[in-house]
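The values are calculated or read from the model by the stated rules, or taken from the named source; none is laboratory data. Keep in mind it's a predicted model, so treat the numbers as computed, not measured. Note that we place each Cβ from the backbone using ideal geometry, even for glycine, and neighbour counts take in every protein chain shown. Calculation scope for accessible area: heavy atoms of the full protein, side chains included, ligands and nucleic acids excluded. Shrake-Rupley method; radii C 1.70, N 1.55, O 1.52, S 1.80 Å.
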2 protein chains.
Amino acid sequence: MAFRLDPRLQQDTIELGGSEHALLLLLNDSRYPWFVLVPRQEGASEWFDLPESLQIELHRQSVQLGAAIREHFHCDKINIAALGNIVRQMHLHVVGRRVGDPAWPGPVWGHSAAVPYDPTALEELKSILRKMTELPFTLQ
Amino acid sequence: MAFRLDPRLQQDTIELGGSEHALLLLLNDSRYPWFVLVPRQEGASEWFDLPESLQIELHRQSVQLGAAIREHFHCDKINIAALGNIVRQMHLHVVGRRVGDPAWPGPVWGHSAAVPYDPTALEELKSILRKMTELPFTLQ
């Protein structure tokens with residue numbers, strides 16, 4: 001079956017680009033540099049629903065993204081998590097955290113309502129992202 | 001420098017065993033089958049602080065553990081996360097979640113005070129764990 005992005009993920013995020021096997025999304029909450037990777041694999045909900053080669057690729061991409069976020073967004077800690085209690089389509093959060101951010105030191109999920117990006121802030125984020133030349137993603 | 005388990009992790013968990021490169025801990029909260037893997041790598045705080053071979057090994061172990069938890073503890077969703085906002089020593093949570101558990105569908109971290117295992121419940125958990133013959137860990 002063809003891959004389709006979950007409607008809730010589509011609603012909460014902005015598509016930035018991706019790789020052959022994964023979508024790169026930005027969670028539309030300007031308070032955190034919060035990215036979401038979605039493997040293009042219909043019906044997957046857990047890590048173990050993915051072929052091992054895709055698991056390893058997705059893991060590597062998330063770690064490369066995490067390292068780039070820490071550097072380019074000046075973060076103190078990177079949170080990488082596959083939760084999916086609400087949206088069951090397999091997706092991986094890669095979130096840059098800063099001491100004193102709204103949810104710090106707790107988790108970002110379910111903390112408080114998102115503050116969407118305004119057009120200027122979104123352009124700034126995209127311009128930082130374009131400087132992350134080490135990322136294995138094509139940007140839109 | 002020799003590897004030493006972070007004192008806060010030591011306080012909050014029960015050591016169950018491990019593999020050559022990682023400790024297998026049980027979070028002392030009887031409300032969830034909540035495990036923690038700690039790579040035996042002093043000074044690591046992020047995934048990208050680990051050698052890639054150890055990353056892949058730890059990833060595989062977490063996914064095997066997650067699949068076994070879902071089956072043997074009859075869970076609806078597995079949450080796998082490296083957060084570390086409070087305890088900086090690199091550690092990976094592998095948590096079995098059930099619809100209607102105390103934190104459902106939110107995250108378990110920071111939700112409410114742990115309910116420690118009593119000796120009987122801990123023995124039951126260990127006996128389930130001994131049946132997970134597919135796990136790449138030696139149990140104590």
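Remarks
- Within the range B:60-89, residues that are free of Cβ contacts under 8 Å to residues at least 12 places away in the same chain and over 22 Å from residue A:56 (Cβ atoms) have Cβ atoms under 7 Å from residues that are aliphatic (A, V, I, L, M) and part of a loop (DSSP other than H, G, I, E, B) in no pair, counting only partners at least 6 apart in sequence or on another chain.
- Meets criteria (assigned to a loop (DSSP other than H, G, I, E, B), of a type in the set (Gly, Ala, Ser) and out of contact with any His (no Cβ under 9 Å at 6 or more places or on another chain)) for residue A:45: yes
- Any hit, the range B:112-119, residues being more than 13 Å from chain A (Cβ to nearest Cβ), free of Cβ contacts under 8 Å to residues at least 60 places away in the same chain and more than 13 Å from the chain's Cα centre (by Cα): yes
- Some residue of the range B:1-20 being within 11 Å of chain A (Cβ to nearest Cβ) and either more than 11 Å from the chain's Cα centre (by Cα) or over 18 Å from residue A:47 (Cα atoms) (or both): no
- Candidates B:102, B:107, filtered to the one that is assigned to a loop (DSSP other than H, G, I, E, B) and crowded, with 20+ Cβ neighbours inside 10 Å: B:107
- Of all residues in the range B:26-47, those satisfying the criterion of being open to solvent by 10 Å² or more (accessible area, probe 1.4 Å) and in contact with a Gly (Cβ under 7 Å, 6 or more places away or on another chain) are B:45, B:47.
- Test for residue A:88: is it open to solvent by 60 Å² or more (accessible area, probe 1.4 Å), under 22 Å from residue B:66 (Cα atoms) and more than 8 Å from chain B (Cβ to nearest Cβ): no
- Output for the range A:126-138, where each listed residue is touching a strand residue (DSSP E or B) at 6+ places or on another chain (Cβ under 7 Å) and either in a helix (DSSP H, G or I) or open to solvent by less than 60 Å² (accessible area, probe 1.4 Å) (or both): A:129, A:130, A:137
- When each of B:44, B:81, B:68 is tested for being at the interface with chain A (Cβ under 9 Å from one of its Cβ atoms) and of a type in the set (A, V, I, L, M), the lone residue that passes is B:81.
- The range B:1-18 - residue that is farther than 24 Å from residue A:66 by Cβ and either touching a Phe, Trp or Tyr at 6+ places or on another chain (Cβ under 7 Å) or aromatic (Phe, Trp, Tyr) (or both) and, of those, surrounded by the fewest Cβ atoms within 10 Å (Cβ to Cβ): B:17
- When the criteria are applied in full, residue B:59 meets the requirement of being in contact with a Leu (Cβ under 9 Å, 6 or more places away or on another chain), within 16 Å of residue A:79 (Cα to Cα) and at the interface with chain A (Cβ under 8 Å from one of its Cβ atoms).
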